[in-house]
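Before any comments, here is the structure.
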Amino acid sequence: MSARASASLRAVSRALRSSATALAFAGALVAAGAASAADASQEHDPWEGFNRSIFAFNEWLDRNLLVPVAKGWDFVAPEPVQTGIDNVFRNSGMSVVLLNDLLQLKPVHAAEDVARVVVNTTVGVAGIFDVATKVGIPENDEDFGQTLGYWGVPKGPYLVLPIFGPSNPRDTFGLLVDRASEPWTYFVKIYVTVPVGVFEFVNLRAIYLEEIEDFHETALDYYVFQRNAYVQSRDRGVADEVEPAEETEEDLYYFDDEEDVED
């Protein structure tokens, strides 16, 4: 898996956990997270008819609403600004990662999570710069869906959610728990969290405009591509097999190398 693909996969996983209003492009970003998954075997999809109808709605919403807004933001905001904003959101979502590392009995990972937050919040200026990666502190990516999988809870059939995109019964429940476990949701009003969540997704969509367009153009059946990519990436996440990105640039703005690195 390429560095760019790994970055997009982790971005979507974190954004779905933290945002109050996820948007339809989530599924497209997940697909960008595992390009090779398009050739995976057919996944368990007994609800395909329903899923395809929701998928079509999500694609329409992405194409007609989110993409135009994201292109406008991409026009006015240079790439370092977009990446710095994404870094801030990623840093603020580390409480969910920490909780799930503890629930999975991974004390070393939990210590890394704490170290990342401390370093990036202080030296990294409120999380704008990813100093932690530059000094060798690994970035973990856990959520409650993965925690349930870690303890043997079956994922169930593939499911496409309106707006939220690819999921399954286990991950849908996990998404709700992750949302409820974020401390700031209890003291920040919904009229603040909703616009902030939308802005996070617009920024992410702007970052991955070209990548998602490329996958739309090359996939024979984008629904199948997206489904297989999501299932494969989630299975690998539960098994802790998601490959870290390989860093080749010394730019403090970036969590992951922006150049594709072949396996």
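The values are calculated or read from the model by the stated rules, or taken from the named source; none is laboratory data. These figures come from a predicted structure and were not determined experimentally. Every residue, glycine as well, gets a Cβ built from its backbone with ideal geometry; the counts of neighbours run over all protein chains shown.
Structure above, values below:
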item: Test: residue in the range 146-160 that is touching a Leu at 6+ places or on another chain (Cβ under 7 Å) and among the aromatic types (Phe, Trp, Tyr); result: no
item: Unique residue being out of contact with any Gly (no Cβ under 9 Å at 6 or more places or on another chain) and in contact (Cβ under 8 Å) with a residue 60 or more places away in the chain when the list is GLY197, GLY149; result: GLY197
item: Residue pairs meeting the criteria (Cβ under 6 Å; at least 6 apart or on separate chains; first in contact (Cβ under 8 Å) with a residue 60 or more places away in the chain, in the range 153-172; second of a type in the set (Lys, Arg)); result: LYS155/ARG170; TYR158/ARG227; ASN168/LYS155
item: Residue match in the range 189-199 (condition: more than 14 Å from the chain's Cα centre (by Cα), at pLDDT 95 or above, not in a helix (DSSP H, G or I) and not small (Gly, Ala, Ser)); result: no
item: Residue identified as within 17 Å of the chain's Cα centre (by Cα), over 18 Å from ASP86 (Cα atoms) and either among the charged types (D, E, K, R) or at pLDDT 95 or above (or both) among GLY174, GLY165, GLY149; result: GLY174
item: Candidate set: the range 177-188, residues that are free of Cβ contacts under 8 Å to residues at least 60 places away in the same chain and within 18 Å of the chain's Cα centre (by Cα); chosen: the one surrounded by the fewest Cβ atoms within 10 Å (Cβ to Cβ); result: ALA180
item: Single residue of the range 36-54 satisfying the filter (modelled with pLDDT under 95 and part of a helix (DSSP H, G or I)) that is surrounded by the most Cβ atoms within 10 Å (Cβ to Cβ); result: ALA37
item: Any pair with Cβ under 7 angstrom, 6 or more apart, that starts in the range 108-131 at a residue that is without any contact (Cβ under 8 Å) to a residue 12 or more places away in the chain and farther than 19 Å from VAL81 by Cβ and ends at one that is in a helix (DSSP H, G or I) and not acidic (Asp, Glu); result: VAL123/VAL131
item: Test result for PHE144, among the aromatic types (Phe, Trp, Tyr) and surrounded by 20 or more Cβ atoms within 10 Å (Cβ to Cβ); result: yes
item: Hey, ASN120 modelled with pLDDT of 95 or more and within 21 Å of the chain's Cα centre (by Cα) or not; result: yes
item: Breaking point among (1) modelled with pLDDT under 95; (2) among the polar types (S, T, N, Q); (3) over 14 Å from ASN203 (Cα atoms); (4) surrounded by fewer than 24 Cβ atoms within 10 Å (Cβ to Cβ), for SER13; result: (4)
item: Some residue of the range 210-219 being surrounded by fewer than 20 Cβ atoms within 10 Å (Cβ to Cβ), on the phi > 0 side of the Ramachandran plot and assigned to a loop (DSSP other than H, G, I, E, B); result: no
